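Asks: Take this structure, written in structure tokens, and hold onto it; I'll ask about it next.
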Ligand SMILES: Cc1cc2nc3c(=O)[nH]c(=O)nc-3n(C[C@H](O)[C@H](O)[C@H](O)COP(=O)(O)OP(=O)(O)OC[C@H]3O[C@@H](n4cnc5c(N)ncnc54)[C@H](O)[C@@H]3O)c2cc1C
């Protein structure tokens, strides 16, 4: 079933056709070649000794900045196209520090601990770890998200109802400060820094390695689909069942059609005929697979239970091929079964390469006609918020991911509503015509601000700096910056940085 969208004009249809041809014939193959080298897992191990040398290189760059009179702010030298965030920070005038740290340092099977450098991407990490029978607590889904970006930025996934956001599940990390010192940070060592880095967008120091607990992994993910007919029923069911399942997500197709998926790892599927290789090239995008299951459940009146098994890594990257429903939204023909059969091999499109190949004005155009934002609201406010969004945007599907906030990120503390939040991913074109996307986002932002929610800084933000700051729990962050004039001199305030975007 296709995503509901407003009728496209003739001009837009012609543009779609041209984009489709360019994408499938030119960009797709280029991206595949790029992917082959970029996502390779062959040479991504380093030793503690080599890692220490790389960290010395970061320190040396910081010291050169100090010797040069601490002119301008510092930031990582990572180019905009290598960042997942839609809006790129304007780095002109910054002193750029090369943090070329992209490898695994140690997989300690005995102590179930991974030590990894911040540039390691999720797609590489899941390949290496699942081959060894392990995973990490929170696996944000899209292949090219990095460990460092997820800690310094934000990231949640379907296990976040147990572990919180990505940074909540990290045991310790190593940081090069504005003075060029190396700090080991954990709950017991340099704890101020440990709590300040998550969500700081690189404004506390340079992350150089991270220690994350390992979890034994099964070969498959058993998924139980449940269809519910209202948001309050979805909330009720999740409140009853989340604690019994390791992975939970929902896709909201309309206010009366919500598919919930409760997942648990297993190595022994009780019914092997139910194994679904969802990431094979000819398969529909994941949201379409789920919608097909929903249609079958509704038409057979069998609303009770439907179980499937996905190979574990297919599950972890189930939305990567369609980038949720973003590709279908932009070019609906991409989900056509025939196009999938002939060209499905181009997916998943490595987003770094796509960013690099399409000019910037293309993204400005997309964000002017499509909504791309994650809002996190307290679970108790979910129904009210979605009712509001249904009148403001009518953007469907909506991604639903329960999150239990812990105490280690700039997101709210557990003191607010017990930390029970829902991450809502809105990626699409509003069905109801009318006001600009910016106006509609502004209205939602005000609701989220007044109701103890927060939003993703990676996307369009229209709040002013003070309101934005109010959305987050900044006490640990402010404590570190107030205590260190070097830090203030070296890095801008995170909310100033978030506002400093390439136009
Ligand atoms: C379309 C879209 C879909 C998304 N879907 C998901 C999703 O499914 N799940 C999810 O969890 N998140 C999702 N996100 C959000 C995403 O996780 C964040 O945007 C994340 O911060 C991007 O990671 P990155 O590796 O590209 O980091 P970057 O954008 O490169 O970095 C983020 C910030 O961290 C800083 N930083 C990075 N490395 C270091 C370092 N070593 N030292 C100091 N600072 C550093 C950078 O300076 C930057 O300010 C999505 C975003 C988009 C645009």
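Asks: Pairing the Cα long axis of helix 28-38 with the longest principal axis of the chain, what angle in degrees results, from 0 to 90 and rounded to the nearest 10?
Replies: 40
Asks: Which whole-number percent is the relative contact order of region 158-297 (Cα, under 8 Å, 6+ apart)?
Replies: 22
Asks: Here's something else I'd like to know. Working from Cα positions, state the angle (0 to 90°, nearest 10) between the long axis of helix 48-67 and the longest principal axis of the chain.
Replies: 70
Asks: Same structure, new question: With an 8 Å cut-off on Cα pairs and a minimum separation of 6 or more residues, tell me the relative contact order of region 286-413 in percent.
Replies: 17
Asks: Could I ask something else about it? Please work out whether region 73-157 counts as rounded, prolate or oblate from its C-alpha gyration tensor, where a ≥ b ≥ c are the square roots of the eigenvalues and a/c under 1.5 means rounded, while otherwise a/b larger than b/c means prolate and anything else oblate?
Replies: It is prolate, given that a/c is not under 1.5 and a/b is the larger ratio.
Asks: Still on this structure, please answer the following. Quick check: residue separation of residue 186 and residue 388 times 0.36 nm, minus the Cα distance between them. What number comes out in nm?
Replies: Values: separation 202, 0.36 × 202 = 72.72 nm, distance 4.04 nm.
Full extension of this stretch gives 68.7 nm more.
Asks: Considering only DSSP beta bridges where both residues belong to the chain, give the percentage that are antiparallel (nearest 5).
Replies: Counting DSSP beta bridges with both partners in the chain, the antiparallel share is about 95 percent.
Asks: Still on this structure, please answer the following. On a C-alpha basis, how far is the centre of region 255-296 from the centre of region 27-104 in Å? Whole number, if you could?
Replies: 37
Asks: While we're here: For a Förster distance of 35 Å, can you work out the FRET efficiency between the beta-carbons of residue 81 and residue 110, rounded to the nearest 0.05?
Replies: Working: r = 39 Å, r/R0 = 1.13.
For R0 = 35 Å, the calculated efficiency reads 0.35.
Asks: Let me see the pair-distance distribution of region 352-393: every alpha carbon pair, 5 Å bin width, integer percents in order.
Replies: 5, 17, 17, 18, 11, 10, 12, 8, 1
Asks: Determine the shape class of region 399-491: with a ≥ b ≥ c the square roots of the Cα gyration tensor eigenvalues, call it rounded for a/c under 1.5, and otherwise prolate if a/b is greater than b/c, oblate otherwise.
Replies: Here region 399-491 falls in the oblate category.
Asks: Okay, moving on. How do 44, 376, 30 rank when sorted from fewest to most other Cβ atoms within 10 Å of their own Cβ?
Replies: Starting with the residue having the fewest Cβ neighbours, the order is 30, 44, 376.
Asks: From the P(r) of region 1-139, can you give the percent of Cα pairs sitting at distances over 26 Å? Don't jump to the answer; show the numbers that get you there.
Replies: Numbers: 4821 of 9591 pairs.
Counting pairs separated by more than 26 Å, the tail of P(r) holds 50 percent.
Asks: Quickly work out the residue 295-to-residue 30 label distance, labels modelled 7 Å from Cα along the C-beta direction, and quote it in nm with one decimal.
Replies: 3.5
Asks: Follow-up question, since we're still on this one. Classify the chain: rounded, prolate or oblate, from the alpha-carbon gyration tensor (a ≥ b ≥ c, eigenvalue square roots; a/c under 1.5 rounded; otherwise prolate if a/b is larger than b/c)?
Replies: Rounded shape, in that the Cα axes give a/c under 1.5.
Asks: Fewest first, what order do 134, 491 take by the number of other Cβ atoms within 10 Å?
Replies: Starting with the residue having the fewest Cβ neighbours, the order is 134, 491.
Asks: I'd like the orientation of helix 360-369 relative to the chain: the angle between its Cα long axis and the longest Cα principal axis, in ° from 0 to 90, rounded to 10.
Replies: So the inclination is approximately 50 degrees.
Asks: Given the -39500 (n - 2.57) contribution per DSSP H run of 4+ residues, what per-residue ellipticity at 222 nm results for the chain, rounded to the nearest 500 deg cm²/dmol?
Replies: -10000 deg cm²/dmol, from helical runs alone.
Asks: Right, something else. For Cα pairs less than 8 Å apart in space and 6+ apart in sequence, what is the mean separation divided by the residue count of the chain, i.e. the relative contact order in percent?
Replies: On the way: 966 pairs, mean separation 98.2, N = 503.
Reported as a whole number, the value is 20 percent.
Asks: Taking neighbour counts of Cβ atoms within 10 Å as a proxy for exposure, in what order, fewest first, do 168, 179 appear?
Replies: With the fewest neighbours first, 168, 179 line up as 179, 168.
Asks: For the pair residue 489 and residue 229, what calculated FRET efficiency results from E = 1/(1 + (r/R0)^6), where r is the Cβ-Cβ distance and R0 = 56 Å, to the nearest 0.05? Let's see the in-between values first.
Replies: Working: r = 56 Å, r/R0 = 1.00.
With a Förster radius of 56 Å, E is 0.50.
Throughout, read-outs are computed from the coordinates displayed, never taken from laboratory work. Computed from a prediction, not measured in an experiment: that's the story for all the values here. When we count neighbours, we look across all protein chains shown, and the Cβ atoms used for this are built from the backbone with ideal geometry, even at glycine.
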